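What follows is a short report on a single structure.
The values are calculated or read from the model by the stated rules, or taken from the named source; none is laboratory data. All values reported here derive from a predicted model rather than from experimental measurement. With ideal geometry, Cβ positions are generated from the backbone for all residues, glycine too; neighbour counts draw on all protein chains shown.
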Amino acid sequence: MPPLRLLLLVAFAAALSAFSYWLGFREGAQVGVMLDVVQRGGLSASYLSKLDQGITRNMVTTFETDVDLALIGGHWVDQHALLPVLEPLWGLPVADARESLPRIARYRKSHSSPLISSAHAAEPGFPDGSELRQNLIAGVREEERILSLMVAKYADDAETAK
């Protein structure tokens with residue numbers, strides 16, 4: 001293959017790769033966030049209707065779940081190898097999101113999660129000793145471990161900073 005043709009092929013491949021990155025990852029990530037916002041809006045509309053009727057239990061459970069998921073997601077972000085480049089490369093608001101972790105951790109420290117393994121152990125629907133129940137309990141225990149780590153890391157740091 002002549003050198004000029006090889007150079008053009010490499011340049012075309014590089015341009016195609018850059019365009020694919022922009023279209024696939026960058027735009028795809030933003031579309032994913034927007035789809036999440038639409039779904040959360042649907043949930044919020046449902047919750048607002050329930051609030052009008054004086055029903056709050058589902059909202060409390062969902063918000064408690066959001067607190068746990070935020071701490072678990074924060075742990076994942078903390079462990080991510082590309083953490084230093086996520087914000088500049090993708091434009092994700094990593095620093096802003098991580099600023100919420102101390103407040104979330106303080107809340108979880110003072111309010112135990114209703115989603116702990118003892119609550120799941122009492123869940124009906126799975127026979128005692130079944131593999132499915134054991135897997136559920138093992139997963140919840142791992143989540144509890146992560147929650148404890150995040151509370152120790154962020155709630156204690158926040159209290160020391162006061």
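The table below lists the values:
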item	result
Matching entry among Ser44, Ser20 (being at pLDDT 80 or above, surrounded by 10 or more Cβ atoms within 10 Å (Cβ to Cβ), in a helix (DSSP H, G or I) and not assigned by TED's automatic domain parsing to the domain that holds Ala152)	Ser44
Number of the condition not met by Ile104 [criteria: (1) of a type in the set (Val, Ile, Thr); (2) surrounded by 15 or more Cβ atoms within 10 Å (Cβ to Cβ); (3) farther than 17 Å from Ala155 by Cβ]	(3)
Unmet requirement for Leu92, which otherwise passes all of (1) modelled with pLDDT of 80 or more; (2) of a type in the set (A, V, I, L, M); (3) in a loop (DSSP other than H, G, I, E, B)	(1)
